[in-house]
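Novice: This is the structure I have questions about; it appears just below.
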Amino acid sequence: MAGGGSTRFGFDKARAELNGETMLARMCALLKNVTGVVSVVAPIGRYADSGERVVEDHWPGEGPLGGIITALMDAHAQTHEDTWCLIVGCDMPFLTSEWLTYLKDRALASSAAIVTPQSAEGLEPLCACWHTGATGKLQYAFEDGIRKVTEAMKRVSMEVVDEGEWARFDKSGRLFWNMNTPAEYEEARRILESEKR
């Protein structure tokens, strides 16, 4: 998911560099390691230079729920069958392939429509697995005026992965940390550079 306006950030978060690599490139490489194939949901033309498959957000400027529905519609159109999508925001620098692989495997074994972790901040819908079978109900919620992702999630079946299950993948307490401000970006840069040493 790279369709946000990055208003608090000051410039496009997906183009922010960590260890010489843009966040978009980092996230795409991480996801390809887990899922094999990646698509970027964003306004058309924004990442034409990325070398990645970009799916145009059907509801640009309407928030992440529209982007999630866009991703699910596109995945169904690509496969012509119901399937799982691992959906993540492009601004989460501390996600790991071990955690995402666990989440993917958990979803593949689940009968729910969404498999989502829950942290101290609440549900983490932008680091969750979404089943394309939920698209219709989510779209109805969107058409009803719902824009808050966690509100729309209440319309479908959910399997929640609590901290007891994901904490082993989060040794530093930063698994779901995201960069919303320049200060958070600088902190992420400092942490990752110190880990490189």
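Novice: Picking from Val115, Val149, which residue would you name as being in contact with a Cys (Cβ under 8 Å, 6 or more places away or on another chain), surrounded by 15 or more Cβ atoms within 10 Å (Cβ to Cβ) and of a type in the set (A, V, I, L, M)?
Specialist: Numbers: Val149 fails: in contact with a Cys (Cβ under 8 Å, 6 or more places away or on another chain).
After applying the criteria, what remains is Val115.
Novice: Condition first: among the aromatic types (Phe, Trp, Tyr), under 27 Å from Phe11 (Cα atoms) and in contact with a strand residue (DSSP E or B) (Cβ under 8 Å, 6 or more places away or on another chain). Can you find one or more residues in the stretch 42-51 that meet it? It would help to see each step written out before you state the result.
Specialist: Looking only at the stretch 42-51, we keep the residues that are among the aromatic types (Phe, Trp, Tyr), and these are 47.
The next check asks that each one be under 27 Å from Phe11 (Cα atoms); those that pass are 47.
In the following step, the residues that additionally are in contact with a strand residue (DSSP E or B) (Cβ under 8 Å, 6 or more places away or on another chain) were identified as 47.
Yes, some residue in the stretch 42-51 is among the aromatic types (Phe, Trp, Tyr), under 27 Å from Phe11 (Cα atoms) and in contact with a strand residue (DSSP E or B) (Cβ under 8 Å, 6 or more places away or on another chain).
Novice: Can you name the helices (runs of 4 or more DSSP H) wholly within the stretch 59-157 that have at least 2 residues being within 18 Å of Leu30 (Cβ to Cβ)? Let's see the steps before the verdict.
Specialist: Working: elements: 64-79, 97-108, 135-143, 149-153.
Result: 97-108.
Novice: Name every residue in the stretch 1-58 that is in a loop (DSSP other than H, G, I, E, B), free of Cβ contacts under 8 Å to residues at least 40 places away in the same chain and of a type in the set (Asp, Glu), in order of residue number. Full working, then the answer.
Specialist: The first filter runs over the stretch 1-58 and keeps only residues in a loop (DSSP other than H, G, I, E, B), leaving 1-12, 16, 19-20, 36-38, 43-47, 51-52, 57-58.
Subsequent filtering for residues that are free of Cβ contacts under 8 Å to residues at least 40 places away in the same chain retains 6-7, 11-12, 20, 36-38, 44-45, 51-52, 58.
Scanning the stretch 1-58 gives Asp12, Glu52.
Novice: Output the residue which, of all residues in the stretch 157-187 that are touching a strand residue (DSSP E or B) at 6+ places or on another chain (Cβ under 6 Å) and free of Cβ contacts under 8 Å to residues at least 60 places away in the same chain, is surrounded by the fewest Cβ atoms within 10 Å (Cβ to Cβ). Working first, answer last.
Specialist: Here is the first cut: in the stretch 157-187, the residues touching a strand residue (DSSP E or B) at 6+ places or on another chain (Cβ under 6 Å) are 158-162, 166, 176.
After this cut, where a residue has to be free of Cβ contacts under 8 Å to residues at least 60 places away in the same chain as well, the list is 158-162.
Details: Met158: 19, Glu159: 16, Val160: 14, Val161: 23, Asp162: 10.
So the residue we want is Asp162.
To keep it simple, each residue is scored yes or no on (1) out of contact with any Pro (no Cβ under 9 Å at 6 or more places or on another chain); (2) among the hydrophobic types (A, V, I, L, M, F, W, C).
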site: Glu52; (1), (2): yes, no
site: Val55; (1), (2): yes, yes
site: Gly66; (1), (2): no, no
site: Ala77; (1), (2): yes, yes
site: Asp82; (1), (2): yes, no
site: Cys85; (1), (2): yes, yes
site: Asp91; (1), (2): yes, no
site: Phe94; (1), (2): yes, yes
site: Ser97; (1), (2): yes, no
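Each reported figure results from applying straightforward, stated rules to the coordinates on display, with no laboratory input. This one's a predicted model, so the numbers in the text were calculated from it and none came from an experiment. Reconstructed Cβ throughout: ideal geometry from the backbone, glycine too, with neighbour counts over all protein chains shown.
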